[in-house]
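Visitor: Right, I'll just put the structure down here and ask away after.
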Amino acid sequence: MTDMSTETMASTRGSVSAMDGRPSPRRGQAEATRALLLRTAERLYAERGLAQVSNRQIVEAAGQANNSALTYHVGTRTDLIHAITHAHGQPIAHRTSEMVRAARGSADPRVHVASLVLPYTEHLATLGTPSHYARFTAQVTADPAFAGGILADPLLAPHFQEGLTAVWSHVPDLPPAEAALRSQTARLAIIHTCAEQERTAAETGTPADWLLIGHALTDAVTGLLLAPRHTPGT
């Protein structure tokens, strides 16, 4: 029997890996590098802000020698931010879908608010300490170029919109400007409270109580949205 060359054997091993569903070593390394770059970017953006972090800084902090590694493995800066958001958005969207479906038909407005708040805080609870996604989210939503991107994620948007519609069906009839103001206040309360709790946990080393935070935010947002309207000057 003729011996196979080293090149042929390597090619055969790669084919076998592809056929049995296992990633090739090269592909596995590429995926690991991409994941490392995403984690590093998330951390730096969370701690410093989007405008203060360059692609070169991300590559260096990730220990990559090639300055084009980020472009090669992820793409543009916009692609990078969307990739981080999408990675976290998948489990959040799945849980939101579950909770929104379970809340259908409920006459309790808090149940509908919980279906929009708790999937986020439950996900943050899975990230350990320190984590960076809550602060990353706060930085992204403060940037005009990306402010609407998180809730517009196609995985999350339809479920979130259904839950939001259910919430608003319980809210007192408000002028559009006042409804928008309450909605903005609720969104900022959730995003920035979680970011501050995450920052405190990272600085002290004491894990945040995301169960408590989630339910406290649910209570607060429910009260905010359902508060009776008082006409200015009366």
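Visitor: If you take the residues in segment 44-66 that are among the polar types (S, T, N, Q) and assigned to a loop (DSSP other than H, G, I, E, B), which one is modelled with the highest pLDDT?
Guide: Residue satisfying both the conditions and the ranking: 54.
Visitor: Go through segment 106-147 and give me each residue that's part of a helix (DSSP H, G or I) and either acidic (Asp, Glu) or not assigned by TED's automatic domain parsing to the domain that holds residue 219 (or both).
Guide: If the condition is that a residue be part of a helix (DSSP H, G or I) and either acidic (Asp, Glu) or not assigned by TED's automatic domain parsing to the domain that holds residue 219 (or both), then 122 is the only one that fits.
Rundown of residues vs (1) more than 20 Å from residue 220 (Cα to Cα); (2) surrounded by fewer than 19 Cβ atoms within 10 Å (Cβ to Cβ), yes/no style:
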position: 138; (1), (2): no, no
position: 143; (1), (2): yes, yes
position: 147; (1), (2): yes, yes
position: 160; (1), (2): no, no
position: 169; (1), (2): no, yes
position: 183; (1), (2): no, yes
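Visitor: Which pairs do you get when a residue that is closer than 18 Å to residue 47 by Cα, found in segment 194-221, comes within reach of a residue that is modelled with pLDDT under 95, reach meaning Cβ atoms under 8 angstrom, with the pair 6+ apart or on two chains?
Guide: Note: no pairs meet the criteria.
Visitor: Can you find, within segment 181-223, the residue that is nearest to the chain's Cα centre (by Cα) among those that are farther than 19 Å from residue 109 by Cα and small (Gly, Ala, Ser)?
Guide: Taking the candidates together, the pick is 195.
Visitor: So, in segment 20-43, how many residues would count as being in a loop (DSSP other than H, G, I, E, B), in contact with a Gly (Cβ under 9 Å, 6 or more places away or on another chain) and surrounded by 12 or more Cβ atoms within 10 Å (Cβ to Cβ)?
Guide: Count: 1.
Visitor: Please find, among 153, 173, the residue that is closer than 18 Å to residue 88 by Cβ, assigned by TED's automatic domain parsing to the domain that holds residue 112 and either assigned to a loop (DSSP other than H, G, I, E, B) or without any contact (Cβ under 8 Å) to a residue 40 or more places away in the chain (or both).
Guide: Every option except 153 fails the conditions.
Visitor: Being within 27 Å of residue 200 (Cα to Cα), surrounded by fewer than 21 Cβ atoms within 10 Å (Cβ to Cβ), of a type in the set (A, V, I, L, M) and not assigned by TED's automatic domain parsing to the domain that holds residue 196 narrows it down to one of 46, 65, 51, so name that one.
Guide: Only one candidate qualifies: 51.
The values are calculated or read from the model by the stated rules, or taken from the named source; none is laboratory data. Please read these numbers as outputs of a predicted model, since none were measured by experiment. Methodologically, a virtual Cβ is constructed for each residue, glycine included, from the backbone with ideal geometry; neighbour enumeration extends over all protein chains shown.
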